[in-house]
Amino acid sequence: MGIKLENISYTYHDSGSLKTHLGLEDVDLHIEEGKFVAVLGVSGSGKSTLMQHFNGILLPTDGKIRILDFHYRAGEKATQIQELRKRVGLLFQFPEHQMFEETVGKDIAFGPRNFGATEEEAHSAARHAVEQLGLDASILELSPFQLSSGQLRKAAIATVMVMDPDIYVLDEPTASLDQISREEVMKLLRSLCTNEGRTIVVVSHRLEEVLPYADEFVIMGEGRVKFHGDAAELMNNLPLITESGMIVPSSLRFMHDFSERFQTSFPNGHYQHQVQDIAEYVSKVLGGGRRA
Ligand SMILES: Nc1ncnc2c1ncn2[C@@H]1O[C@H](COP(=O)(O)OP(=O)(O)OP(=O)(O)O)[C@@H](O)[C@H]1O
Ligand SMILES: [Mg+2]
C-alpha cells in the first residue's frame, strides 16, 4: 500500500492578493509500505509541502494521491481525513505548532484521548513514549514553554509516537537535537521500521545523518523530485548531491571510488555485485550504508 503520488502539483495562494506560489510541481512518487525514506533538499525545495500532503493537511491542486487505502484527487471533496490522520502521524517542522496544552503530558495524551482512550490509558501511553525517547517522565508535568528546544522537539515526536501510526512523517525531527539525541532518534525510527513494520518518512538537511538508517532517498529541488533511489544509486549520482546543496558523506564517496576502481579493473561487469556488497559493507563500518 504505502503512499503513491501521481502528477501532484500544489500552488500556494497568498491571502489578500492574487499572487500564487508553486510549492510542488508534477511530483510522481511511490513510497512502499515498511520502508524508511529520507527526504532531502535545499530550503524552499518543497519538502514540507510534500510532507503535509501525506496526512491531508494539504490537498493537491493537481493530480491524485493514495495513502494506505485513502484516495484523494485534486478538485474533489476529501473524505475520511480524521481516519487518515489516525494512521499517518505528522511531526511539523516547527514543534511549537504542535504543542498547545498547558502541560506536555496533556499535549502528548491529547491524540489518544481524542481517539477514545481513557485518561489512564492516554497518560500511560504518554509516559511510555517520552521514556522511549530518553526523556524523564517528570517532563510530562511541565509547560511546553519550560522545555529547551531539543526537549520540545522530542516531546513533539512523542505526540506522534503515542498514536502508534502505520506511517510516521517527520519534518526535520532532529533539528535542534544534540549529536547523541539525533542518533537515538534515528535508531528508534529504524527499529520501528525493522521490528514493527512501520513506514518512516523523514526530512533532513544532512545526508550523513540519514545515510546509515534510510532504505531510500528522495532529493527535492524547485518543487520537483530530482532523485529517488537507494544508497547504491545515490553513490552513482554524487554531483547531484552537491548540486542539491549537500555535502557528500565520506562513506558514500568511498563506496563510489571503491566501485569505480574495481569496475576499471574488471570492465566486463564480472564481480560487480560482489564489489557493491563489499563497498556497502566497508562503508557501513565507516558509518554509512544501512544500519539495523
Ligand atoms: N504558506 C506559504 N505561502 C506561500 N508560499 C509558501 C508557503 N509555504 C511554502 N511556500 C513556498 O513553497 C515552496 C516550498 O516550500 P517548503 O516549505 O515546502 O520548502 P522546504 O523544502 O520545506 O524548505 P525548508 O528546508 O526551509 O523547510 C517555497 O518556494 C516556499 O516559499
Ligand atoms: Mg520545510
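The values are calculated or read from the model by the stated rules, or taken from the named source; none is laboratory data. What you see is a predicted model; the values in this text were computed from it and never measured. Glycine also receives a Cβ, built like all others from the backbone with ideal geometry; neighbour counts cover every protein chain displayed.
Being closer than 26 Å to Val203 by Cα, loosely packed, with under 13 Cβ neighbours inside 10 Å and not hydrophobic (A, V, I, L, M, F, W, C) is the filter here; which residues of the range 97-124 pass it?
Hit for the range 97-124 is His97, nothing else.
Would you confirm whether any residue within the range 145-155 is assigned by TED's automatic domain parsing to the domain that holds Gly41, of a type in the set (D, E, K, R) and more than 22 Å from Gly56 (Cβ to Cβ)?
yes
For Ala126, state whether it is of a type in the set (A, V, I, L, M), closer than 23 Å to Pro173 by Cα and either touching a His at 6+ places or on another chain (Cβ under 6 Å) or not assigned by TED's automatic domain parsing to the domain that holds Ile8 (or both).
No: the conditions fail for Ala126.
I'd like the full set of residues that are surrounded by fewer than 21 Cβ atoms within 10 Å (Cβ to Cβ) and modelled with pLDDT of 95 or more, limited to the range 82-91.
Within the range 82-91, Leu84, Arg87 meet the criteria.
Of the conditions (1) hydroxyl-bearing (Ser, Thr, Tyr); (2) at pLDDT 95 or above; (3) surrounded by fewer than 20 Cβ atoms within 10 Å (Cβ to Cβ), Tyr168 clears all except one; give me its number.
(3)
Would you mind listing the strands (runs of 3 or more DSSP E) fully within the range 160-265 where at least 3 residues are within 30 Å of Glu96 (Cβ to Cβ)?
On the way: elements: 167-171, 199-203, 216-221, 224-229.
Strands (runs of 3 or more DSSP E) meeting the threshold: 167-171, 199-203, 216-221.
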